[in-house]
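Step one of this worksheet: look at the structure below.
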Amino acid sequence: MIRSATPKLAAYAGLSAIGLLAALVVARPELVALTAPFLLALAAGLALATPPRFDVEVALDRRRVLEGDTVTARVTLTAAGPVDRLDLYVRLPPGVTLEQGGNPVSLTLGSGERRELEFEVRAARWGGHVLGPIYLRARDPLGLLVWERAAPMRPELRAYPREDALRRVLQPVETQVFSGNEVARAKGEGIEFADIRPWAAGDSLRRVNWRASARRSALRGELWVNESHPERNTDVILFVDSFAEAQLDGRSTLDLAVRATAALADSYIGRRDRVGLIGFGGILRWLVPGTGLVQLYRIVDALLDTQIVLSYYWRQIDVIPRRTLPPNAFVIALSPLLDPRSVGALLDLRARGIDLAVIDVSPLPFTRRPTGGLDAIAHDIWALRRGALRHRLRRAGVAVSEWETSAPLQNVLEEVRAFRRYARHARV
Amino acid sequence: MITGVGALAALVAAVAYAVAAAGRLEPVSLGLGAVSVALLVVGLAVRLAGTIPWALLLAAAAYLAGIQGRDAVDGWAAAIGVALLLAAELASWSIGHDARIRSERALIVRRAATLAALAAAALFVNFMLLAAAAVTAAAGVVVAAVGVAAAVAAVAIVLRLVRA
């Protein structure tokens, strides 16, 4: 521990010296009487000051919680000698708030005493939060000396985002070869009726459509069989733009994007689709597509580390590993469309023929429109330019929907679905 | 708040005695005392610990001006010294108090008891000192100062042994 003298020590020493000197100069014993209490305080304080000896440990009752949950942090102090006054403060990172209990706290410890302090913290925001360090400051009984140190233990609290329950997700244009829940466009073995065709050698009799055959056999005398669409899985790549974000009152576009990504990943994996992740920003992160609960945990864990990192590097889509974007994959991008690099990357993806849908996490609710003047005009022009940017993406055949914070994610998905169903796909 | 008011009360009491006991230098004593109290008020209001020693020095100067011209040793000096110490301790407690830090009740009680014990010990030492000074007035201030130093050193040694 680092020991240092408080200003009080210097002040008392100075007052004592001045008092005794003045007593000698003016030859008044009363001045010695005025000085004596301060000398006594100095002597008593320094005599009682012994370096504090104690150990400190901190533990969380749970390491993984859902966003908004509370967790109990327990600080254990074990004193080998007396500690007269101890100030203890556990630093809480942004996104973690104190719910109950004292932090910082000031206490006294007897020799050999073991004390447990408990306080509840709330993971107000998703993410990997590192608590600590613990700052400790001990004083002697009269506050003349101070010992300070920071305990190095730093437990990590991982707060997972709360997901919206999605009733229906976006359907990719193309499917993969494995079985799943998506009705493929191609014909094959399946349940969903597709068409009828003349019987061919090798066709099962169970597939004969007797009603159609009866109608047509009168004309040509042949059997007709049912064709069906097979149920296949899909490859879905969730593209999270982490180049820039808009923040207001502790909420941000990245928060919304991460929550939506977690909800989409959960829904697609529930359909037995393969889901991958691309975090496109100052730090590039990716997860190759996979399926199952383990993949869902991988994705959510990767999302927790997503953050905005300032970068001037002009990153293009080429930097993404090839196997992260398999053929016929469906890319759902969640972006505030604030950074031209991410917009360029999305247009590049579309130009390569990749099936793409963009959820524009609107930064407008995170800004306050100026009341008037040039600032208000600039704000309006910026909003119009965002509209023009969405139009540009739509012209390229990309389904884009603007997501205001007040609307549920399902509404936005339905809007994207409507565009993909009814709008004509442009060939680029 | 309580500690700040206590500090102010202790200093005002010391200054009031100095002014009341003053003879022809009463205006000087009053002026120095008023500045002293004002300094402490400012220090408590803006949480500036650096003003405390200056306030105490000015209060001591006011007291010195008050007893100027007396031949006999003033027995109340023992109480004035303790009052100044209490003013200093309570003022530093008040300024150092941070409302964001939750203090345990036991700690507050312990701190108050320590302060009370210190004040009682200081009062005892001062009475002994002034009694000795009154008896051996001819010996002068040097002997009194040596006596104070010896008494204080004895207290320190006893405390150290108790702590060990």
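Restricting to segment A:96-110, name every residue that is crowded, with 18+ Cβ neighbours inside 10 Å, more than 9 Å from chain B (Cβ to nearest Cβ) and more than 28 Å from A:G45 (Cβ to Cβ).
Answer for segment A:96-110, where residues must be crowded, with 18+ Cβ neighbours inside 10 Å, more than 9 Å from chain B (Cβ to nearest Cβ) and more than 28 Å from A:G45 (Cβ to Cβ): just A:V96.
What is the residue count in segment A:111-161 for residues that are closer than 30 Å to A:A13 by Cβ and within 14 Å of chain B (Cβ to nearest Cβ)? If you could, list the steps in order and put the result at the bottom.
Keep residues of segment A:111-161 that are closer than 30 Å to A:A13 by Cβ, which gives A:111, A:135-150.
Those left that are additionally within 14 Å of chain B (Cβ to nearest Cβ): A:111, A:135-146.
Result for segment A:111-161: 13.
Of all residues in segment A:129-149, count the ones that are surrounded by fewer than 16 Cβ atoms within 10 Å (Cβ to Cβ) and closer than 30 Å to A:Q247 by Cβ.
2
Please go through segment A:9-34 and give me each residue that is within 8 Å of chain B (Cβ to nearest Cβ), part of a helix (DSSP H, G or I) and among the aliphatic types (A, V, I, L, M), ordered by number.
A:A11, A:L15, A:I18, A:L20, A:A22, A:A23, A:L24, A:V26, A:L31, A:V32, A:A33, A:L34
Which ones in segment A:342-366 are touching a strand residue (DSSP E or B) at 6+ places or on another chain (Cβ under 7 Å), in contact (Cβ under 8 Å) with a residue 40 or more places away in the chain and not in a helix (DSSP H, G or I)?
A:D355, A:L356, A:A357, A:V358, A:I359, A:D360, A:V361, A:S362 - these are the residues of segment A:342-366 that are touching a strand residue (DSSP E or B) at 6+ places or on another chain (Cβ under 7 Å), in contact (Cβ under 8 Å) with a residue 40 or more places away in the chain and not in a helix (DSSP H, G or I).
Go through the residues of segment B:97-115 one by one and say whether even a single one is more than 7 Å from chain A (Cβ to nearest Cβ), part of a helix (DSSP H, G or I), at pLDDT below 85 and farther than 25 Å from A:G19 by Cβ. Step through it out loud before you land on a result.
Step one: filter segment B:97-115 for residues more than 7 Å from chain A (Cβ to nearest Cβ), giving B:97-99, B:105, B:108-109, B:111-113, B:115.
Those still in the list that are part of a helix (DSSP H, G or I) too: B:105, B:108-109, B:111-113, B:115.
With the extra rule that they be at pLDDT below 85, the set shrinks to none.
Scanning segment B:97-115 turns up no residue that is more than 7 Å from chain A (Cβ to nearest Cβ), part of a helix (DSSP H, G or I), at pLDDT below 85 and farther than 25 Å from A:G19 by Cβ.
Limited to segment A:35-54, what total is found for residues that are assigned to a helix (DSSP H, G or I) and in contact with a strand residue (DSSP E or B) (Cβ under 9 Å, 6 or more places away or on another chain)?
Applying the first criterion (assigned to a helix (DSSP H, G or I)) to segment A:35-54 yields A:35-48.
The next check asks that each one be in contact with a strand residue (DSSP E or B) (Cβ under 9 Å, 6 or more places away or on another chain); those that pass are A:45-46, A:48.
Matching residues across segment A:35-54 total 3.
Checking A:A165 against (1) modelled with pLDDT of 85 or more; (2) under 30 Å from A:P327 (Cα atoms); (3) not charged (D, E, K, R): exactly one of these is not met. Which one?
Of (1) modelled with pLDDT of 85 or more; (2) under 30 Å from A:P327 (Cα atoms); (3) not charged (D, E, K, R), only one is false for A:A165: (1).
Could you check segment A:59-88 and list, in sequence order, the residues that are crowded, with 19+ Cβ neighbours inside 10 Å and touching a residue at least 60 places away in the same chain (Cβ under 8 Å)?
If the condition is that a residue be crowded, with 19+ Cβ neighbours inside 10 Å and touching a residue at least 60 places away in the same chain (Cβ under 8 Å), then A:V65, A:E67, A:V71, A:A73 are the ones that fit.
Could you tell me whether segment A:163-171 includes any residue that is in contact with a helix residue (DSSP H, G or I) (Cβ under 8 Å, 6 or more places away or on another chain), within 14 Å of another protein chain (Cβ to nearest Cβ) and either under 30 Å from A:I299 (Cβ atoms) or of a type outside the set (F, W, Y) (or both)? Spell out the reasoning first.
To start, the set of residues in segment A:163-171 that are in contact with a helix residue (DSSP H, G or I) (Cβ under 8 Å, 6 or more places away or on another chain) comprises A:163-171.
Next, only the ones that are within 14 Å of another protein chain (Cβ to nearest Cβ) stay: none.
No, segment A:163-171 contains no residue that is in contact with a helix residue (DSSP H, G or I) (Cβ under 8 Å, 6 or more places away or on another chain), within 14 Å of another protein chain (Cβ to nearest Cβ) and either under 30 Å from A:I299 (Cβ atoms) or of a type outside the set (F, W, Y) (or both).
Within segment B:46-64, is there a residue that is closer than 28 Å to A:D84 by Cβ, crowded, with 21+ Cβ neighbours inside 10 Å and more than 17 Å from the chain's Cα centre (by Cα)?
Among the residues of segment B:46-64, not one is closer than 28 Å to A:D84 by Cβ, crowded, with 21+ Cβ neighbours inside 10 Å and more than 17 Å from the chain's Cα centre (by Cα), which makes the answer no.
Looking only at segment A:265-299, filter to residues that are in a helix (DSSP H, G or I) and polar (S, T, N, Q); which one of those is surrounded by the most Cβ atoms within 10 Å (Cβ to Cβ)? Outline the logic, then answer.
So in segment A:265-299, the residues in a helix (DSSP H, G or I) come out as A:265-270, A:293-299.
Narrowing the set further to residues that are polar (S, T, N, Q) leaves A:267, A:295.
Working: A:S267: 22, A:Q295: 20.
Only one residue tops the list, namely A:S267.
The values are calculated or read from the model by the stated rules, or taken from the named source; none is laboratory data. For clarity, every value in this text was computed on a predicted model and none was experimentally measured. With ideal geometry, Cβ positions are generated from the backbone for all residues, glycine too; neighbour counts draw on all protein chains shown.
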